[in-house]
Structure formats: C-alpha cells, structure tokens
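Beneath this line is the structure, given in structure tokens, with notes to follow.
The values are calculated or read from the model by the stated rules, or taken from the named source; none is laboratory data. Only a predicted model underlies this, so the values are computations on that prediction, with no experimental measurement involved. Using ideal geometry, Cβ is built from the backbone for each residue, glycine included, and neighbour counts are taken over all protein chains shown. The area values use the complete protein model at the heavy-atom level, side chains included, leaving out ligands, DNA and RNA. Shrake-Rupley method; radii C 1.70, N 1.55, O 1.52, S 1.80 Å.
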Amino acid sequence: MSTKLEVKNLYKVFGDEPKKAIEMAKQGIDKDQIFAETGMTLGVKDVSLQIHTGEIFVIMGLSGSGKSTLVRLLNRLIEPSAGQVLLDGENIAAMSDEALRQVRLKKISMVFQSFALMPHLSVLENTAFGLELAGVPVSERHEKAMQALQQVGLESHLHAYPDELSGGMQQRVGLARALAIDPEVLLMDEAFSALDPLIRTGMQDELVQLQAKYQRTIVFISHDLDEAMRIGDRIAIMQGGEVVQVGTPDDILHNPANDYVRSFFQGVNVSQVFTAKDICRRKQSTIIRKTLEGGVAAAIAQLQDADRDFGYVVDKEGRFEGVVSLASLWSAEKSGKSLMNACLLDLPIVKADSSLSEIISVIAQAPCAVPVVDDNQKYLGLITRAQLLQALDREEDTTP
Amino acid sequence: MTTTTETTDPWSSAAPPEDRSMASDPWGNAPSGQEQASGSSWLTSSAEQAPITNSWTDPFLVEWFDLRSLVNTGVKHLVENFRGFFDIAKQPVDWMLEIFTLALTSVHPFVVIALFALVCWQVSGWRLALGGIVSLVFLGAMSVWDESMITLALVLTSVFFCLLIGIPTGILMSRSEGVARALRPILDAMQTTPAFVYLVPIVMLFGIGRVPGVIVTIIFAMPPLIRLTHLGIKQVPADLIEASRAFGASRRQILYRVQLPLAVPTIMAGVNQTLMLSLSMVVIASMIAVPGLGLMVLRGIGRLDVGLATVGGLGIVILAILLDRMTQSLGRDARERGTRHWYESGPIGWIYRQFKTQSKT
C-alpha cells in the first residue's frame, strides 16, 4: 500500500511565539505547563502519521484532543507552526497560496460537522460549489454535481434549498459537494456527529459502500469509538494534541496503549463494537475433517472422546460444510449413510463481520454453539451462549 | 427652530440684506468672521471682564486650547483656497440630481404613477402597487405633485450616492479591522452631530441650494448603510467561510459568492434606513434653500400656517411609507414570497410566462 498523505513532526501552537513553545515541548514540558508559563496553547504536538491510498483513516479523540485542529492542518485551513504535510510527496505546509488553492480545488475536499451548506444556493448549486470556484463551465459542473448527488441518493432534490432538507439529507449534500470535485483525499470532520443515531449508522454504511466502489483516501475525525470501529481501516487515537496509538480497530481493541485509550471503551456499546469474529473460539476437538479416515464411526469416536454433542465439519481448505450431532451420526451409521448426509439442516451460521447485537437472537435460539464463517465460507470458530454473555459483560472489565 | 418663529419669514424671501444684521439669523455672519464678537459674545462676556487664568481649584475656567478659532480659520482657509475643488466635487451630485429631477418632473404624472405601480408590483405584489397608486394620486390631489417629485429626486440622489460610497466602505470595514476601527468614530460623529453644526460649513463650502442639500443628506443618511453592510458581512457564519476556503475560494470569491449574497437582507435594511433618514433630512435641508416638500413645512412653520405645514408633512410621510414598503420587500428574497426566482413574479413574471407559453406552442 502506498502512502498518500504523510504527516511529519507536525506542531500547531496557538500563540505569539510558536518556536518557544515547540522548544519547550521538545524538552518534555507538558501542554498545561506550557500554557501556564507562556499563555500559548499547544494544539498539535509532534504528530507523525502515514495515511495509505484508499483507506479510511479515523482520527479519534475526546474534544480538545486536537483532532479537529489536526485535520485542518492537513488542508492548511490552519497554518502549521512546524513540520510537514506531504500529499504525494508535496509539502502542503510550505506551498504558495496559489498552489494551495489548486490543491483544495482539485485534490482535497472536506465535509463539516455543521454541514456548512450555502443557504442561498440550491442543492445542485451547493454540490457544484467547488467546481464553480474552479471555474468549470455551467453544463459540465452541473453534470458532475448530478453524478455526485446520485452517489448519495439525492438526485430528486436538485432544486431544494438546504433549509428544506433534514439534517441527514443536508449532510448528504455536504458529502456530494465534497465528492463532486472527485477528490483524491476526503477529510471528514465529525461529519456524522450532528446526526441522530439511526441516520448516523445509515450514513456510515453508505460511506463504507461508497468507499468500496471508489477507493478514495478518507481521513475521518470522530469522537465516537463505535463509529471509528465501524468504518475505520486504521485508527489513530489522540490525547492532548499527541497521537498515542495508531493501529487497526482490532489492535486498539485488544491492546490499548494506555488508560486513556482504554477509557474509550467505557460506556461503549460492546455489542456494536465487537463482531462475531472477535469473540468466536476455535475448539479443535469439535472440528471434524470431511476427509476423516473412518468416516462416521471415527467422527462418533472423536465427539465421544471430547465429550461433545455436536461436531462441525470442514473440508481440507478449512471451509465450513455443516453441523453434525451425535444423534445424527448414530442414525447415519445405522442406515449406512456418509458423513455429509448426517449434517443437520436449518442450523444457523453467522458471518464474521456481523456485530454482536445482530447475532444475539440467533445464538440465543440455536440448540448448539453457532459456527462463524468469513466471506469465503472459511470456518473461523464457534460462539456459545456463555461466550456471548461474557463478551457483552466486557464493558465492566474495561472500567479502570 | 425656536429662533425661526421669532422672525417673520427669513427663507421665503431671497435672503434680504437687512436679515444679515439680525441676531436671530444663525448663519448670516458666519462668512464675515464676526461671529465671535456679535453672535456669541454673551457666552464669554464674564470672562472678558477680568482676565482670569486657570488654577488648581478651578482648572477648566479658560479653554486650554482655542478649538473654536482653529475651526473657524480652518474652514475659512478651505473656503478661500479650495473653492474650485468643492465646485468640482459637487458636479457629479449635480448631474445625478438633474437626471432624477428631469425624469420625475418632465413626464406626465400618470406615467410616473404607472411606473411606480409596476415597480411596486415587481418588488412586492399587487397590494403595494395599489397602495402606491392611491398614495401618489393623493399627493397629486393635494396639489403637491411637483414638490413631491423634487423631494423624491433629492432623496433618490442622496441614496444613490450613499450606496455608491457606503457599500464599498462597509465592505472595506469588514475586510480590515484597522479601517473599521478608524471609521467607527467618524460614523458616530456623522450620526450624532446635529445637522445644524455641519450645515454652516457645508453652505460655506458648497453654497446654498439643492446640491449642498443633497450633500448634507448624504452625510446624515449614510452611516447606517455602512454599519449594516459591515454587520451583514461580519454576520456570515464562520463555518461557511471556512468551507469556502476549504474548497479553494479566493478572498474575492468568498466576498462575491458567499458574503455579499448572505449579507443582502442586512444591506437592504441599511438601504431602507438610509432612505428613511434621507427623507427626515428634507425639512432641515430646506433651510439652505432646498425646494420641495420640506420647504412647504418650513414655510408653514414660519408663517404659522399649520395647514401648509401639514400638507408638506403628510406628503413626506406618504413618500416615506411608500419607499419603506418598497425597500423592505426588496430585503425579502423571492423564496419567502413563494416563487423561486425574481423573474417569475410581478410584471416581468407576467411577460416571462407569456414568452414561455409562446415558445411552447
């Protein structure tokens, strides 16, 4: 994966003498003390990141952690005090104003928490706003704006004005406006935070779908772990202007770098964050190879040895084939049928990436532990009721 | 105004020479520089009797610096050396005033009324058009048509120059905090200084008549427009400006595509205020020989002719209400009135629809 956007030792100081504050920060003096001594605020402190082409990179942190400042440093809405922001190797932090304008017109666009739609422009004109600024002729920019509106499913509201739309629709326009210029990098500053939860999840799903189609590089700011876990390929967690951890959602979930990161899980809806894959366990004793020597009889022996009632049949590539029970194996043995014929019908299986909230009822109603498979039908493990309850109870464990 | 009632009628007659010696004439002596001796001698008479100096117990007895004579000599200097400059400066005002006056007085009154009605219909609706017709006919019926049109030309001229100067100044203020800080006290002065104070130097610099009248009106009526233009642009939400910057807008683009369009309702409120203040200056301006409705009021007061003053005053009020309604509806955008575009309503909308149905068939 190539690096699209690279941030190197980036600092932002709000105050008169940024150099002095940076020097102090380098000596290890902390943010609060710098403020107490000089009155300057260290917004972003020595941040270095590499954002890959085509990934959704989530920057997460509580308010005041510098995440909104950081995203504005990426397109230089806020001037960096020191450091580099490299877009395809070009340093945005040191560009001339005209070059910066060209980058904003063509390469980086942004979606705002407050939507920031022009109230005097219609949906179509709002969407075409970036193109209009770039001087694209009317017919062409309307055509491109139409395409962008189709991507977000708003093509029927072309001539409405922002105040006639719901919050969710307004943010779709915001997204369409950002997509219309066909950007290489999309910055989303808490784009969905102002929406109500139901619409927010809908928009997150749509963003993920759009991303699957177009593969843009997206930098997404969020204070919401659920959201970050849902959409992020990688997550950077910020605290007091510093990036304290960068990693995949799994990394961060399972190996939080410090108490601050851990504290994010407090109050987090575990059933939304964890997926089936996260909690399933692989028990060798219950896996029955389809190619097992001795067929049905051997399978019965294996289950009886392990003191299990159910077995899970996989082929030699590890693909899930079916569930057998001792009872079904016995009847198969009596009638002389093969192992595959002993498989029970109508037993549920769950997909690896379904969230716990989606599978609760499936697991509660299943007579046995439920197998988890990935998109290629590969067997990943089992989820028992006990495991599910334990996982849901995890919220308590993470309380520091 | 109290002094004016003491004299018989200093304005209707063309400045008779004997008036100059009268103490009640507030400006007759000003150019001759004798004001100190005669006009305000009663103010300083006690100080002149015994030369007193300031002491610790009474530090403000005598002025520390002589602002009064400084201003007097300054204005005198301007009058003596820059007369030519002021003559040229008033030319554009003169031309605009000529154009407006000619346009309003040379055509048949019914044509003017019809045009007004059409404009009212366009900017607001048929109700205002009807109201416009009724009030203008009423002005004519009071036989103050000519006076009304002269006043209207005066007001329109001053509003024209207020727009020409005020809106760019307001924009400049919103773009530079330094300019804003420098201009704010000047605007305060323009709004709060009694008109009579600058009436005298204006007359000295520009003479009397309609053009200095317009200039006085501009000084008095412009500040709200500047302030409201400044305010309107400042009020544009910061997130919209930030979004525009994020999409690569230049400062000019932000101004023309975001700030000004969003400031229009506020700027229109400023235009409305400017218009109202211009009308309110009409009576004061008539003191420097500006004809029109204001002069009728002044004459009415001078002759204790309450009827005449009422007729003039009513004319001003009718004009004021009509112009106020027109500019107020300009501030509302077309969407509030139910149509999407300005060209879809009013007489232009009617023509537009005719044209559309024709092109369909």
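Hey, with R₀ at 56 Å, roughly what FRET efficiency would B:Ser106 and A:Glu98 work out to, going by the Cβ-Cβ distance, to 0.05?
E(calc), rounded to 0.05, equals 0.55.
Would you mind computing the Rg to Rh ratio of region A:219-331 from its alpha-carbon coordinates, Kirkwood style for Rh?
1.22
Please compute the average number of Cβ atoms from other chains found within 10 Å of each residue's Cβ in peptide A:108-115.
4
Which aspartates and glutamates have a Cα lying under 12 Å from the Cα of A:Lys277, excluding residues fewer than 8 positions away in the same chain?
A:Asp250, A:Asp353, A:Asp374, A:Asp375
Computed over the Cα atoms of region B:80-360, what is the convex hull's projected area averaged over all directions, in nm²?
Answer in nm², one decimal: 18.9.
I need the phi-derived Karplus couplings for region A:134-146: 6.51 cos²θ - 1.76 cosθ + 1.60, θ = phi - 60°, integer Hz, Gly and Pro marked x.
7, x, 6, x, 3, 5, 5, 6, 5, 5, 5, 5, 4
Applying 1/(1 + (r/R0)^6) with R0 = 51 Å to the Cβ-Cβ distance of B:Arg251 and B:Asn81, what FRET efficiency is obtained, to the nearest 0.05?
0.80
Taking a cut-off of 17 Å between Cα atoms, list the aspartates and glutamates near B:Lys76, but don't count ones fewer than 8 places away on the same chain.
Excluding near neighbours in sequence, the set is B:Glu35, B:Asp66, B:Asp87.
Straight-line reach from A:Lys316: which aspartates and glutamates have a Cα under 15 Å away, not including same-chain ones fewer than 8 places off?
A:Glu293
Quick check: pseudo-label points 7 Å beyond the Cα along Cα→Cβ at A:Lys316 and B:Val200, how many nm apart are they?
11.5
Per residue, how big is the convex hull around the C-alpha atoms of region B:139-262? Give it to me in cubic angstrom, could you?
Hull volume over Cα atoms, normalised by residue count, gives 139 Å³.
State the percentage of accessible surface on the protein assembly as shown attributable to carbon and sulfur atoms; use a 1.4 Å probe and exclude ligands, DNA and RNA.
58
Separation of region A:317-338 and region B:250-292 by C-alpha centroid, Å?
The distance from the Cα centre of region A:317-338 to that of region B:250-292 comes to 90 Å.
Under the Karplus relation 6.51 cos²θ - 1.76 cosθ + 1.60, θ = phi - 60°, what is the ordered set of whole-Hz ³J(HN,Hα) values for region A:246-263, x standing for Gly and Pro?
10, x, 6, x, 4, 3, 5, 5, 8, 10, x, 6, 8, 5, 4, 4, 4, 5
Taking the solvent-accessible surface of protein heavy atoms with a 1.4 Å probe, what is the per residue accessible area of region B:80-360 in Å²?
About 47 Å² of surface per residue is accessible.
How large is the accessible surface per residue of region A:67-111, computed with a 1.4 Å probe and reported in Å² as a whole number?
For region A:67-111, the per-residue accessible area is 35 Å².
Starting from one equal scatterer on each C-alpha and no solvent at all, send me the Debye-based log10 I(q)/I(0) for region A:25-123 at q = 0.19, 0.22, 0.25 Å⁻¹, two decimals.
-1.12, -1.32, -1.47
In what sequence, highest mean first, do A:311-323, A:51-63, B:134-146 appear when ranked by Cβ atoms within 10 angstrom?
Top to bottom by mean Cβ count within 10 Å: A:51-63, A:311-323, B:134-146.
Figure the gain on full extension for A:Met340 and A:His254 (residue separation times 0.36 nm, minus the Cα-Cα span) and round it to one decimal in nm.
Full extension from A:Met340 to A:His254 adds 27.2 nm.
Quick check on my link table: of A:Lys31/A:Lys107; A:Lys4/A:Lys67; A:Lys4/A:Lys351; A:Lys12/B:Lys234, which ones sit more than 24 Å apart, alpha carbon to alpha carbon?
A:Lys31/A:Lys107; A:Lys4/A:Lys351; A:Lys12/B:Lys234
Taking the Cβ-Cβ separation of A:Lys378 and A:Leu158 as r and a Förster radius of 56 Å, what is the calculated FRET efficiency to the nearest 0.05?
Working from the Cβ atoms, E equals 0.80.
For every helix of n ≥ 4 consecutive DSSP H residues, a contribution of -39,500 (n - 2.57) applies; sum these over chain A, divide by its total residues, and give [θ] at 222 nm rounded to the nearest 500 deg cm²/dmol.
Value at 222 nm, helices only: -11000 deg cm²/dmol.
Give me the log10 of I(q) over I(0) for region A:277-392 at q = 0.10, 0.11, 0.12, 0.22 Å⁻¹, as the Debye formula computes it from C-alpha points; what are the numbers?
-0.28, -0.34, -0.40, -1.23
Counting only Cα atoms, I'd like the Rg/Rh figure for region B:43-133, Kirkwood definition for Rh.
That ratio equals 1.43.
Pop out the ³J(HN,Hα) list for region A:16-33 in order, Karplus 6.51 cos²θ - 1.76 cosθ + 1.60 with θ = phi - 60°, rounded to Hz; leave Gly and Pro as x.
These are the phi-based 3J(HN,Hα) values: 7, 10, x, 4, 5, 5, 5, 4, 5, 5, 5, 7, x, 6, 7, 3, 5, 5 Hz.
Quick one: if you stick a label point 7 Å off each Cα along the C-beta vector at B:Tyr352 and A:Gln209, how many nm between them?
Going from the B:Tyr352 label point to the A:Gln209 one covers 3.7 nm.
What's the long-distance tail for the protein assembly as shown, i.e. % of Cα pairs beyond 41 Å?
57
Working from the alpha-carbon coordinates of region B:216-361, get Rg over Rh, Rh being the Kirkwood radius.
1.15
Ballpark to the nearest 100 Å², how much total accessible area do A and B bury together, probe 1.4 Å?
Buried area (both sides, nearest 100 Å²): 2000 Å².
Could you check the spin-label model distance between A:Ser331 and A:Lys8? Points 7 Å from the Cα along Cα→Cβ, value in nm.
Modelled inter-label distance: 7.0 nm.
For chain A, what's the radius of gyration and Dmax over Cα atoms, in angstrom?
Spelled out, the Cα radius of gyration and Dmax of chain A are 26.4, 88 Å.
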